[in-house]
Amino acid sequence: MSRKTVNGKIAVMAVICSFLIAVRPVYAFVWPVIDLTEIVSFVNSISTGLNRITNAKSQLDNVTNTIKTIGDQVASVKKYAADLKGTITNIKDSVSTITDNIEETTDNVSGIVDDVNKELNGAGTAENENAETTVDSVNEQVDSGAPEEDVQTVVDEAKKESETVRENVNKTFDEADKAINESLDTANQALDMLVDSVNGYDGLSDEERAGFKQEAGNIKNDIDGLKDTSSDIIASAKADYNEQYSEKVAEAFDSYSQAVSDYYAGKTDREALNQAGEDFKNSVASLDAGIDQGVIDGLVANAQEIADKIDALEENMMNSISNSGDYSDGSEQMSFLGPQMQKKFVRSGKVYAFSFHSENLSFFLKGVYAEDGDKSFLLSKELACDNLDVADVEENPGKLRTCVVKAKTEKDLYPNAFKEELYKDYQKNGVYKHIIEDYSIANIVSLSKAKQFSATWGSLEPDDDSNKGTLYVLRKTLKDVDNTRNGFALMGMTDIESPKLWSEIRRIDALNRAKAMAQDFERGTTLFLDGRDSEFVEATKRNWGTMQNDDLDANENKAVKGKAVFSNVILSICGLRAKDISVSEINKTDTASIAQKEKNLADCLFKYAEAASKGTSNGSAIGADTEAASKGTSNGSAIGADTEAAKREWRDKQTKAYNDSAFNNLTLAVVNNYKSSLDYVDPKKLPDPDKDKNIVSMQDGLKESTTTKDDYAAGAQINYYSTQQILSIVDADAQNQQTEILKDLATFDYNYFGKTTGGEG
């Protein structure tokens, strides 16, 4: 064999090896399925829990039949109710786990089909790369004078690789179809097991049992329909792919191999061989066997419909179990444990009832949610950029400020903002438009929940035993208490209602204010809240709007240290500090001090109003801290040199002052909303479990109390917590009022202040 031939074969094999390395192998898919052994465990938990409820009914009947005093009755009912509350919660969790598994399985179907589609696209890319490499290799071999045998080896090996890709794609089709059928069949089995376990409860009527079987049967039919539709899609895609492969890939290889033979036989010239190579590549590139996105979207919608029906079945099951009247939920009235499990407390004689309702409105929200407790909406995701931690906002608001500015997507500051995953979908209407939509829906959810809560709590209808609210029950029970111990116990149960109500109020207030600030930020062209504006940076650095160590006299109340009083921007430009407009606790009755503080603030507002209206300043310093203030200048340039420019400059200062205050308003809204989300968190998961309290921990304190002293201490803790809730709302409302005032500042005419400058009358 000649050296040339040997070298040619080496080159051919090198090309083939490089190609084999370059071609991406088809990876094996692993799709999640329901673990029936795990489902059996949850089914057993449901059955055990339902048996406990049945047994507890007998115990409660015995208690209420043998013990006549209301005080002893309360204590005994409380004992059994506490156990039953936990039992019902466990049953709910087990039912939810099973239904979540079924929903996840149906939802996975569209994901499997989408994976198949991605595999098809990847196969098309591999075929194109294969064809390109093959033609390049053939041309290289022909140019080097390699014999036909070596050139045909390149084509043959490439064809084998192509067939391997085809085999892997078909394997993916088969595995996907098998996974869909097996997983959905298992989902149907899990559904049957769930219904059978619940229907085994003696407290259900025959009608309820029949209803559950009918609902489950309809869902199973829907799941079977989803299975058939998915299998048809995969079968159709497989047939289309193989048909196109035969016509556009396999035949193209044969044609190209024949073209090589014709060239070496002298039947065609090099130009014809080159054209044959281009035809080969074009034929392979025309392979288009992907699954239409509309088909996948249809599967997603179908799966969501099934999920909605499963949610409805879950709710109906829990309502039938809980509202059967065969058990008590206890006297602690766990009214709201979050949007996934809202409990309506109704008491009539010895009967207590739960009502479960899943809040589906939150499905449309795309935001940051509480991980524990009530799983409530915390913050629009576009305001939580760069992995912002909502829990950290109170201590480090600077991260939130960055996200607020970034969401404006200003081209000069963030030219590539809409290329980011967080913002790319909102280029048409703007990011803040979407943020406002998020908060609008969050407000609807919060208001609906609060209305349901208040209606349940305040019902006083004495004639309807199934609709007596918490207030009615508490009033009636307290009237009949005959000893101090049980009196304190029931007073604690009454007191715990206060933080529940304040928690709802604080959340509603916070979400509403957050939406209002988002609306204002949307309207503004520039927020002046970042490092581009030297005036804002300097004001933030000074932090003169916050009470600091050197702002406090020795005889003043040190408790106000660190308290934000007013906008840093407005005070900094006026040369004022927080102490210049604030009266300490010990001086709150000093009329002269109050008058001076009020004058300082009025003079500052007048300074803004006059300069923005006239383009001039009063020319006198309000404070002695800044030379600019005493000269009526901004950034060292004389105001009045250009009247209109000066007016615009001061109007910008007004905007800076407002936005500074608006951001503080938003920060407090986020903080308060987060605090309300912690009210129903497992106490062990609180930021500082040893010190932090919430509604759950205080309820536990009531439940665990054994003496009158314990009852009194638990009640004191509840009242202290309620006071802290109210103060947080007051603080936020005060900030909101300040923000509104600064918003109005832009509309103030300087004549409003009743003072003149420059010889004016």
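List of remarks:
- When only Cα pairs below 8 angstrom with a gap of at least 6 residues are kept, segment 135-265 shows a relative contact order of 39 percent.
- Computed from the C-beta positions of residue 174 and residue 205 and an R0 of 45 Å, the FRET efficiency is 0.45 to the nearest 0.05.
- Counting lysine pairs in segment 202-308 whose alpha carbons fall under 22 angstrom apart, excluding pairs fewer than 8 residues apart on the same chain, gives 5.
- Highest to lowest packing among 157-165, 285-293, scored as the average C-beta count within 10 Å: 157-165, 285-293
- Full-extension gain in nm, residue 114 to residue 707, via 0.36 nm per residue minus C-alpha separation: 207.2 nm
- Extension reserve of the residue 643-residue 247 stretch, reckoned as 0.36 nm per residue once the Cα distance is removed: 134.7 nm
- Scalar couplings 3J(HN,Hα) for segment 207-215, obtained by applying the Karplus form with A = 6.51, B = -1.76, C = 1.60 to θ = phi - 60°, are 5, 5, 4, 5, x, 5, 4, 5, 4 Hz; x denotes Gly and Pro.
- Estimated at 0.36 nm per residue, the fully extended path between residue 501 and residue 181 surpasses their Cα-Cα distance by 110.3 nm.
- Unsatisfied cross-links (Cα-Cα over 24 Å) in the set 375/693; 607/743; 541/656; 381/500: 381/500
- Rough spin-label spacing in nm, given labels placed 7 Å along Cα→Cβ, for residue 261 and residue 692: 7.8 nm
- Proximity of backbone amide H atoms, modeled 1.01 Å from N, is registered between residue 380 and 368 at under 5 Å, excluding neighbours fewer than 5 places apart on the same chain.
- Sorting the Cα pairs of segment 198-290 by distance into bins of 10 Å, from 0 upward, gives 14, 22, 15, 12, 10, 9, 8, 6, 3, 0 percent per bin.
- Computed E for residue 239/residue 512 - FRET, C-beta separation, R0 56 angstrom, nearest 0.05: 0.50
- Once the Cβ-Cβ distance of residue 282 and residue 140 is raised to the sixth power relative to R0 = 22 Å, the FRET efficiency obtained is 0.65.
Every number in this text was worked out from the coordinates using simple rules, so none of it is lab data. Model, not experiment: these values are computed from the prediction. We place every Cβ from the backbone using ideal geometry, glycine too, and count neighbours over all the protein chains shown.
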